[in-house]
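Visitor: Just passing along the structure, written as structure tokens.
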Amino acid sequence: MSTKKINVAAVCAVLCLFFSVNAFALTVNTNDIVNGAVTTPKIADSAVTSAKVADGAVTSSKISNGSITAPKLGIVCPDGQYLQYTTAGGWACSVGTPGLTGPQGPAGPQGATGTTGSQGPMGLTGPQGATGATGLQGPAGSQGSIGDTGATGPQGSAGSMPHYANVAVVAKSGGDYVDPVTAMNDSATWCGIPSATNPCMLKIMPGVYDIGSNRLFTPEFVDIEGSGEGVTRIKGNSDSWMIWLVSELRFITVENYGGNGAVIGYTYASNGQGATILSHVTLIVSPSNSGNGFTGWSSSTLNNVTVKVSGGSGDGVKSVGNGSLTLNNVTVNIDSNMFRAYGIHSEGGDVILNNVNVSALGSSYSFGVYFTSGSLTIKGSTIKVGAGSEQNFSIFGGYGAAGAKIANTELDGPVLNSGIICIGVYDASFNQITCQ
């Protein structure tokens, strides 16, 4: 698009001449107008129109710069615009043709934060992000209430039996041994050398263990413990003795069912161990000729013991040697159809009986307590003898007896001993007995 600059003075001169000539019906050509003759003041506003000007009559050279203004053309441009001519559109107001874009200026200071707009609608849920690192464990919460007890599960298989040091177990099954004689003969394996600092125990579980004519030898510092008089029984038919006891025998029944020996025989306690002890033991002997329930060669103590001898002659409890014999809560029953019956028989040492019940029934001789040396003390006991054909004494003191002290005791049978002190002693009919 080209732009024509019009000299206002020239246009005015041309127009004035045009009007003058027109008045005279004359034609004024461009060549007839002196350059510079038509000035702007000489041309009235809106006097020059396109129809009055022939095409190509007004050239740029004939119009001075700035001569043609918007008011001269009857066009009023707003502020910031100027008059512009284009080939396509002619004269018009314009803000001008945009020039080349200049370089970007420096960033201006950040403006103040505007007010927060209203929250827009929630967008679609985005994909789940990657799992973050595990955080620190929080503090333990309070314990909840106890829930209901669940159903009982199936019973598990039987576990192995615990094994303790210095203990061997005899049992019908599941133990270390099935025979007490074999177990005791093998004591060096499970006990070593028994001593005061290395004591051992043979534990016998419930059952009946028949050792026949064998003997059970118990070394010092080795105890024998059953599982109760009613559930553990050792039986045999020895003609001598069944058990050689040095330490303690407890919670068991021992029976000699045919031999003529003692159930417990030849007990002794050397090396300072003290008395041989029987606790919660039942002794049963049925001799074809004669036999003893218990025979001790050293100090012996029987607690809660029952002794039964039936058939042949025999002694319930016998003490040989100089050791003492102490019986607490002991019952002795001798029922012999042959010759003699001795309930308690001591041939040495002192005898002490506390709450002891003795019944001695012999065909020829019946002695409740027979002692030939040492002293005798009886408290709260009952001594009964049968009607033997030769001699029957509830208390019989031999020539070496040191005397007896008897208190609160029933004596059912004669007393033979000098120097007996009796307090509260009576017979089976509760008649007071005067001791000699």
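Visitor: Given the residues S359, S279, S298, S310, which is the only one that is part of a strand (DSSP E or B) and modelled with pLDDT under 90? Before you say what the answer is, go through the steps one by one.
Guide: Details: S359 fails: modelled with pLDDT under 90; S279 fails: modelled with pLDDT under 90; S298 fails: part of a strand (DSSP E or B).
It is S310.
Visitor: I'm trying to understand the selection: among the residues of the range 406-428, which are crowded, with 16+ Cβ neighbours inside 10 Å and part of a strand (DSSP E or B)?
Guide: Residues of the range 406-428 that are crowded, with 16+ Cβ neighbours inside 10 Å, as a first pass: 406, 409-413, 415-417, 420, 422, 425.
Those that are crowded, with 16+ Cβ neighbours inside 10 Å and part of a strand (DSSP E or B): I406, T409, E410, L411, D412, V415, L416, I420, C422, V425.
Visitor: May I ask you to say which residue of A168, A183 is touching a helix residue (DSSP H, G or I) at 6+ places or on another chain (Cβ under 6 Å), modelled with pLDDT of 95 or more and either part of a loop (DSSP other than H, G, I, E, B) or under 29 Å from G212 (Cα atoms) (or both)? Don't jump to the end; show me each part of the working.
Guide: On the way: A183 fails: touching a helix residue (DSSP H, G or I) at 6+ places or on another chain (Cβ under 6 Å).
When all the criteria are applied, what remains is A168.
This table checks each residue for (1) touching a Phe, Trp or Tyr at 6+ places or on another chain (Cβ under 7 Å); (2) within 20 Å of S286 (Cα to Cα).
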site: T306; (1), (2): no, yes
site: V317; (1), (2): yes, yes
site: Y342; (1), (2): yes, yes
site: E347; (1), (2): no, no
site: D350; (1), (2): no, no
site: V356; (1), (2): no, no
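Visitor: Criterion first (modelled with pLDDT under 90, farther than 21 Å from G265 by Cα, of a type in the set (F, W, Y) and surrounded by 19 or more Cβ atoms within 10 Å (Cβ to Cβ)) does Y365 satisfy it?
Guide: Yes.
Every residue, every condition in (1) charged (D, E, K, R); (2) in a loop (DSSP other than H, G, I, E, B); (3) under 18 Å from G296 (Cα atoms), yes or no:
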| position | (1), (2), (3) |
| --- | --- |
| G316 | no, no, yes |
| V332 | no, no, yes |
| M338 | no, yes, no |
| Y342 | no, no, yes |
| H345 | no, no, yes |
| G348 | no, yes, yes |
| I352 | no, no, yes |
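Visitor: Between a first residue in the range 166-181 that is basic (K, R) and a second residue that is surrounded by 17 or more Cβ atoms within 10 Å (Cβ to Cβ) and not in a loop (DSSP other than H, G, I, E, B), which pairs have beta carbons less than 7 Å apart while being 6 or more apart in sequence or on different chains?
Guide: Cβ pairs passing all conditions: K172/G207.
Visitor: Tally up the residues in the range 377-391 that are modelled with pLDDT of 90 or more and part of a strand (DSSP E or B), please.
Guide: Looking only at that region, the number is 7.
The values are calculated or read from the model by the stated rules, or taken from the named source; none is laboratory data. Fair warning: this is a prediction, and the values are worked out from it, not measured in the lab. In this analysis, Cβ positions are derived from the backbone assuming ideal geometry, glycine residues included, and neighbour counts consider all displayed protein chains.
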